[in-house]
Amino acid sequence: MSDLIYCNKKDLEKAVQKAVKKIMDEHKDQSTELFTTKEVADHFKISEATVGNWRKEGKIEFIQKGSVIRYTKEQINNVCN
């Protein structure tokens, strides 16, 4: 049995729009501004390696999608608490 699904362009566009809307709705309450490891390091005047150590030690929360790591303002501010 094949896993291929056939649909017309209009149905595909609707399905994609619906999926994107669902993802956006799930994340609308989260801060949209994300920061890199370098930006976090610069903010705290520490090395990027130290930020990596903080991640490993659980001192800073982060978001990871594949190999990309980002931090929200809230996650950065929580380091100080």
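Data for the structure
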quantity: Residues of segment 59-75 that turn out to be within 14 Å of E48 (Cβ to Cβ) and aliphatic (A, V, I, L, M), as a count; calculated: 2
quantity: Qualifying helices (runs of 4 or more DSSP H) (wholly inside the chain; at least 1 residues being loosely packed, with under 12 Cβ neighbours inside 10 Å and either touching a Ser or Thr at 6+ places or on another chain (Cβ under 6 Å) or in contact (Cβ under 8 Å) with a residue 24 or more places away in the chain (or both)); calculated: 73-78
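None of the figures in this text is laboratory data; all of them are computed from the coordinates on show. This is a predicted model, so every value here is computed, not measured. Note that we place each Cβ from the backbone using ideal geometry, even for glycine, and neighbour counts take in every protein chain shown.
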